[in-house]
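Worksheet for the structure shown next.
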C-alpha cells in the first residue's frame, strides 16, 4: 500500500472511531476527511453509516460534504442521518438536508429544490426561490413524524430566512399537518418570503383549523401576501373571516385583489352573499364574472339556474366560461352532449392552459354521485389527457364506485394513462378505506 493511501486510510479509521478530533488534528486532516466522505458516497447506501459521523465534524466543509453525499445517495436509508443534519446551525446544511429529505418522498426534487441555486460568501447564503410551488407528495405516501418535526422546527427558527422559508415549502410538499403551529408562528416573521411559503404550505395541508391563525394577513400591504392569505382563507373555508373578506371586496386597492377577494367569498359560500354574486355575474371584468358564477355554484339555489345557463351560452372568455360551466353543472345540469357544460369541462382537460382549472372544478363536482355516474361512460372513448384528468379527479373525490373504472385505467394500453391510473387508485383506496 502506498504511503499516501495508507495515511488516508488511517485518517478515515481514526475519525470513524472518534468523530470529533481535537482542533489541532482537525486542522491537519480536514482535506483528507472531506475527500474520504466524497469517495464513500460512490459506494452508495452501504456507506451511509460511515458517512453519518462526519455530520458532527468540527469543520464546516466536512459536514457540508457529508450532507451532499447523503443527498446524492438518496433513498429511505438516508432519512435518519438527514434529520440529524437538519439540526446543524449552518443555513446551507439546513437547506441541503431539507431538500434531501423531500427528495426521499418526492424523487427528483433535488433538481428543482433550493439547494441547486445556493451561493455562499462566508457565512452569507443566497438562494433563488422559484415562483412555481405546486408540488406535493401523493396522499398515500407516508412521512415519518421526525421528518415533519424537524422541518417544522426549521420553519419556526432556522439559521436564516432562506432555510426557514425552504423548510416551510418542504412542509407543504410533504403535507406536514403536525407542523401547522410552526407555520402559523412563521407568519409573524415579517419576512415576505417566509410568510408566503408558509401560506402556500397551509393551503396544501388543507386543515381548516389553521384558518383563523392567518386571518390577520387578509389586509396585508404586500399584494402577493394578501392574495395568498385570501386564497388560503377560501381553501380552508374559514367562515369566521367572511366579514373581513367582504370588506376587502368593497375596498380593494386594485382589481387583482378584488378578484381574489370575491373568489374567496365564493369559496366560503355564505347565502348572505347571493346578491353580491348575482351583481358581479354581469360585471365587465372577466375575473369578477367568474367569481360571481363560482359563488352561485356553491350556494346551489335552483332559482339561479336560468341566469347561469344564459350567461354560459353567451360567455366568450374561456376562463369565465369554465366557471359558468361549473356553476350550471353544480345546479343540476348533468347532460352529456356536444355543447353541454359538463362536456365542456371534460373537453378542457385537453387544454394545457386550462387543464388544471378544469380538474379543480371537476374535483369539486365529482363529490356528487350523479356527476360521477355521468362521467364514467366517457372513459370508454376518452383521449389520453381526458383519461388522466378524470383519473386525478376520481382519486381526489371518487368513492368505492370509482374503483372499477380506475382499475380499468390501470390496464390501459397507454403507459401514461396506466401510470396515472395506478397512482390514482392507490390514492383513492387510501382515502376511502
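Points to keep in mind about this one:
- Packing-based ranking, highest mean first, of 141-149, 321-329, 240-248 given that Cβ atoms within 10 Å are counted: 321-329, 240-248, 141-149
- Helix 305-314 axis, angle to the chain major axis (alpha carbon atoms, nearest 10°): 80 degrees
- Every pair of different Cα atoms in the chain enters the Kirkwood calculation, which places the hydrodynamic radius at 24.2 Å.
- Crossing angle, helix 3-17 versus the chain [Cα axis fit, 0-90 degrees, rounded to tens]: 60 degrees
- Inverse mean reciprocal Cα-Cα distance (Kirkwood Rh) of segment 59-179, Å: 14.0 Å
- Ellipsoid semi-axes in whole angstrom, largest first, where each is sqrt(5λ) of the Cα gyration tensor of segment 334-433: 19, 15, 12
- Virtual spin-label span in nm between residue 215 and residue 112, 7 Å along Cα→Cβ: 3.5 nm
- The slack between residue 378 and residue 309, meaning 0.36 nm per residue of separation minus the straight C-alpha distance, is 22.6 nm.
- The chain: most fluctuating residue of 153, 253, 193 per GNM, C-alpha cutoff 10 Å: 253
- Take 423-429, 268-274 and order them by the average number of nearby Cβ atoms within 10 Å per residue, most first; the result is 423-429, 268-274.
- Calculated mean residue ellipticity, 222 nm, the chain: -19000 deg cm²/dmol, from DSSP H runs (n ≥ 4) at -39500 (n - 2.57) each, averaged per residue and rounded to 500.
- Equivalent-ellipsoid semi-axes for segment 241-376 (Cα gyration tensor, √(5λ), whole Å, largest first): 24, 15, 14.
- Rounded to 10°, Cα long-axis angle of helix 384-397 versus longest principal axis of the chain: 90 degrees
- Cα-derived Rg over Rh, computed across segment 187-272 with Rh taken as Kirkwood radius: 0.93
- Note on residue 337 and residue 356: the model spin-label points, each 7 Å out from Cα along the C-beta direction, lie 3.4 nm apart.
Rule-based calculations on the coordinates, nothing more; no lab input. If you're wondering where the values come from, they're calculated on a predicted model, not measured in any experiment. All Cβ positions, glycine included, derive from the backbone under ideal geometry; neighbour counts span all protein chains shown.
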